[in-house]
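As structure tokens, the structure follows; a few thoughts come after it.
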Amino acid sequence: MNVSSKETAQRSISAVDLFCGIGGMTHGLQQADIKVNAGIDIDKTCKYAYEKNNRTRFICEDIRSVTNTGLAALYPENDIKLLVGCAPCQPFSSHTRKNKSRISDEKWGLLAYMTKLIEHVKPEMVAIENVPSIRKQKVFTDFVAKLKSLEYHVFCDSVSCPDYGIPQTRRRLVLIASIFGKAFLIPKTHQNLQNETLGFTGLSTYQTVRETIGDLEKITHGQVSKKDPLHRARKLKKVNQERIKQSRPGGTWLDWDPDLRAPCHKKGSGQTYKSVYARMEWDKPAPTVTTQFYNFGTGRFGHPEQDRGLSLREGALLQTFPKDYDFINPTHPVSFTRLGIHIGNAVPVQLATVIGQSIRKHLENINHE
């Protein structure tokens, strides 16, 4: 449907965040001056961090239980309704898609439930973030087709996170749909000078590991900072202590003495897995932060200099959470597994800010047409 610019003028943007987790998307939207009325997630352990760091409430509920009237009630009258949703990406990742049994994973259907909510609540704008490979899945193509049938203008593209100041080589799919007209993502803000001709372009260079975590105090494996309880590194087994001592930034397990190599490395099938048990490089973006980023052996998650894996705070900073973002509920014991899932599954805050800025710019353009 075509909506005149007069209808958008003087109206506030008001968002609800589905699959909100600990608030990466919400926090980023707030940094873009978009009001978030509530976050909804089935994981009750996300409530503390979400509410502690964001000026809104956490609703612990399965999206399949969210009613049309319940969702509609979260939006103030006359606000421009924005619905954002970052459905769990595990069913769509390249790793889990190799296991055909995951086709039956109930998470595949969560996007369909979001579609039903959109059809009935009719938010003026919709935004989602997910893994790029979701574009090949029928559940996603059906989602886009339904948006278009409801007369949304749909922008959808794969985004390289370093191009927007996020210090990791993650690629994410971003979709922005609007009933007002063609949506878009704001221009890139950063560039890799190694791949560009020298000269002033007006863009910043890629954010690096050094710029992101280089000023944190030194800790050893198994140690917790006295200044920041989230700055803690998992204790390494003796063999991994020896392995990381022989690891160099950007190197592989081939740098180790042969007797330190794992049995899988000695098999033909393991020869190609060069990015596990490795250190990050100071002056490049980090690899994609996963839910296991605190484990030295699950990726290139060794500290560039110190003989340990990444701390929980370092993972959060690489996900562009602010340094003072509070993840630890004082009434619960600290769990590397739980906090790793919270941080690794989050939308990078800076990417959410870019999405929010793009939405605001789109609406400004509509208002000036």
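The values are calculated or read from the model by the stated rules, or taken from the named source; none is laboratory data. Just so it is clear, the model here is predicted, and its values are computed rather than measured. A quick note on method: Cβ atoms are made from the backbone with ideal geometry, for glycine too, and the neighbour counts reach across all protein chains shown. All accessible areas refer to the heavy atoms of the entire protein, side chains included, with ligands and DNA or RNA removed. Shrake-Rupley method; radii C 1.70, N 1.55, O 1.52, S 1.80 Å.
Which one of Lys52, Lys218, Lys44 has the biggest mean-square fluctuation once the chain is modelled by GNM with Cα springs under 10 Å?
In the Gaussian network model the winner is Lys218.
Tabulate in residue order the Karplus-calculated ³J(HN,Hα) for the stretch 221-237, using 6.51 cos²θ - 1.76 cosθ + 1.60 with θ = phi - 60°, rounded to whole Hz; enter x for Gly and Pro.
Calculated HN-Hα couplings, in order: 4, x, 9, 10, 4, 6, 8, 9, x, 7, 7, 9, 10, 5, 5, 9, 5 Hz.
So which residue, out of Leu82, Leu175, Leu216, gets the largest mean-square fluctuation from a GNM of the chain using Cα contacts under 10 Å as springs?
Judging by the Gaussian network model, the answer is Leu216.
Explain nothing, just the number: relative contact order of the stretch 122-243, from Cα pairs under 8 Å at least 6 residues apart, as a whole percent. Before the final figure, lay out the partial values.
On the way: 160 pairs, mean separation 24.4, N = 122.
About 20 percent, as a whole number.
Consider a paramagnetic label point 7 Å from the Cα of Thr189 along Cα→Cβ; state which residues of the stretch 334-353 have an amide N under 17 Å from it.
It comes to 347-353, nothing else.
Using Cα springs under 10 Å in a Gaussian network model of the chain, which residue among Glu217, Glu129, Glu119 shows the largest mean-square fluctuation?
Judging by the Gaussian network model, the answer is Glu217.
Which of Val154, Thr45, Thr26 sits farthest toward the positive end of the charge dipole of the chain, with +1 on the Cβ of Lys and Arg and -1 on the Cβ of Asp and Glu?
Thr45
With contacts defined as alpha carbon pairs under 8 Å and 6 or more residues apart, what's the relative contact order of the chain in percent?
Numbers: 734 pairs, mean separation 71.1, N = 369.
So the answer I get is 19 percent.
Short version: ³J(HN,Hα) in whole Hz for each residue of the stretch 143-151, in order, from phi by Karplus 6.51 cos²θ - 1.76 cosθ + 1.60 (θ = phi - 60°), x for Gly and Pro, what are they?
Going residue by residue, I get 4, 5, 4, 5, 4, 5, 5, 8, 6 Hz, with x marking Gly and Pro.
Where both partners of a DSSP beta bridge lie in the chain, what percent of those bridges are antiparallel, to the nearest 5? Don't skip to the end; give the middle numbers.
Values: 16 of 40 bridges.
Among the beta bridges of the chain, antiparallel pairing accounts for roughly 40 percent.
State the label only: which of (i) 0.96; (ii) 1.02; (iii) 0.99 corresponds to Rg/Rh (Cα atoms, Kirkwood Rh) computed from the shown model?
So the structure-derived entry is (iii).
How big is the accessible area of Ser149 in square angstrom, nearest 10, if you roll a 1.4 angstrom probe over the protein chains?
80 Å²
Solvent-accessible area of Cys156, probe 1.4 Å, all protein chains present, reported in Å² to the nearest ten, please.
Its accessible surface works out to 40 Å², give or take rounding.
Provide the per-residue ³J(HN,Hα) series for the stretch 296-307, in order, calculated from phi with Karplus coefficients 6.51, -1.76, 1.60 and θ = phi - 60°, each as a whole number of Hz, with x at glycine and proline positions.
Coupling constants for the stretch 296-307: 4, x, 9, x, 7, 10, x, 4, x, 10, 7, 7 Hz.
What residues have an amide H closer than 5 Å to that of Val36, excluding those fewer than 5 places away on the same chain, when H is modeled at 1.01 Å from N in the peptide plane?
It is Ala15, by chain and number.
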